[in-house]
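The values are calculated or read from the model by the stated rules, or taken from the named source; none is laboratory data. Predicted model only: the values in this text are computed from it and were never measured. Here the Cβ positions follow ideal geometry from the backbone for every residue, glycine too, while neighbour counts run over all protein chains shown. These accessible areas exclude ligands, DNA and RNA; they are computed on the full protein's heavy atoms, side chains included. Shrake-Rupley method; radii C 1.70, N 1.55, O 1.52, S 1.80 Å.
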Amino acid sequence: MQRRELFGSLASKLRGETSAKKQESILRPPYNNEESLFHNECQKCDGRCATVCEEEIIKIGSDKSPYLNLLKSGCTYCDDCAAACEFGVLTLENKREINAKITINRSLCMSWSSVMCFSCKDPCLDDAIAFKSLFQPIIDAEKCTACGFCISRCPVEAIEVRVV
Ligand code: SF4
Ligand code: SF4
Ligand code: SF4
């Protein structure tokens, strides 16, 4: 699934076009405590986490719970959203990474087709993208924090996000 399709699919879920059972497949802000809290506590709030996020990646869905859009920027794990949440949905004690697996689609990636490109490597502050023989980038799942900063840098939308 291409990146645009994935986010289209996520967006449609957030418009309520999915069953409550499947809500856990939404890309949530980090530091989240328990999925059920998004459905119970966020309704009391005016979306403070989205207001304080300097990267503007937190959006508020029609059910008033937050989700992430990584199409333009990524998460710096700055703690601000957790610090702003007064309802225990996001907490500093639950400093966990974004619930996503980031991978490179080799059939779309220019480098895997022998066209030199390092666009995704530069924004990765975690040094999670290794180039084998200069042309074969691979994301190291152990190092990747799912921050998403590489996504918008890829000129051919080869970086894919899967909610885990
Ligand atoms: S600040 Fe907390 S309660 Fe408010 S929308 Fe964000 S996660 Fe929900
Ligand atoms: S940790 Fe910071 S950058 Fe990441 S979603 Fe929260 S407020 Fe935004
Ligand atoms: S999502 Fe992973 S590979 Fe991409 S910039 Fe962040 S840490 Fe690096």
Please pick out the residue among Leu90, Leu125, Leu134 that is open to solvent by 70 Å² or more (accessible area, probe 1.4 Å) and within 15 Å of ligand 2 (Cβ to nearest atom). Leu125
Can you tell me which residues in region 39-69 are within 17 Å of the chain's Cα centre (by Cα), more than 10 Å from ligand 2 (Cβ to nearest atom), open to solvent by less than 40 Å² (accessible area, probe 1.4 Å) and not hydroxyl-bearing (Ser, Thr, Tyr)? Gly61
If I ask for residues that are touching a residue at least 40 places away in the same chain (Cβ under 8 Å), in a loop (DSSP other than H, G, I, E, B) and β-branched (Val, Ile, Thr), which ones from region 74-117 would you list? Thr76, Val89, Thr91, Ile98
Being of a type in the set (Asp, Glu) and in contact with a strand residue (DSSP E or B) (Cβ under 7 Å, 6 or more places away or on another chain) is the filter here, so list the residues in region 113-164 that pass it. Asp140, Glu160
Kindly indicate whether any position in region 99-120 is within 15 Å of ligand 2 (Cβ to nearest atom), more than 16 Å from Val163 (Cα to Cα) and either at pLDDT below 95 or surrounded by 15 or more Cβ atoms within 10 Å (Cβ to Cβ) (or both). no
Phe149 passes all but one of (1) open to solvent by less than 20 Å² (accessible area, probe 1.4 Å); (2) touching a Pro at 6+ places or on another chain (Cβ under 6 Å); which number fails? (1)
The condition of being assigned to a loop (DSSP other than H, G, I, E, B), touching a residue at least 60 places away in the same chain (Cβ under 8 Å) and among the aliphatic types (A, V, I, L, M) holds, among Leu125, Leu71, only for Leu71
